[in-house]
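Read-outs: derived from the displayed coordinates by stated rules, not from any lab. If you're wondering where the values come from, they're calculated on a predicted model, not measured in any experiment. Quick reminder, even Gly has a Cβ in these numbers, built from the backbone with ideal geometry, and neighbours come from all protein chains shown.
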Amino acid sequence: MLPYRNYLLDFEWFLEDIEDKTIIVFGAGKMFEYYMDHEGRKYPPEFVVDNNREKWGTEVRGIPVRPPDAVLEAGDNLRILICSIYYREISRQLRQMGIDDYYIYVQRREWL
């Protein structure tokens, strides 16, 4: 279990030098919608990726949903934010893709 203060620090790191980064969110569900309501205007993602094939090619809150491998095609200057209660599984998936630089956003402390 991740201590909540670590999560808060994680999101602070996400915001460091964000101006020149391409933001990609992993997870196109309810937590993504929460992120968009609270942080999305100030830090809008370029696109969101999701493991659900049925969401690929659609939009959520006007943001295109793509498959996870789209992250690998997005370049090097990225900020990846996991918006899912399945952050552990997604973290593992990103590491298997060779991506170790990502951040976690959750709307409820107890989900950590």
Cβ-based net charge around residue 75, under 15 Å, with every Lys or Arg adding one and every Asp or Glu removing one | -3
Virtual paramagnetic centre 7 Å along Cα→Cβ of residue 69, amide N under 18 Å, in the stretch 79-96 | 93-96
Note the full-extension length gain between residue 33 and residue 15 as 0.36 nm times their separation in residues minus their Cα-Cα distance, in nm to one decimal.
-> 4.6 nm
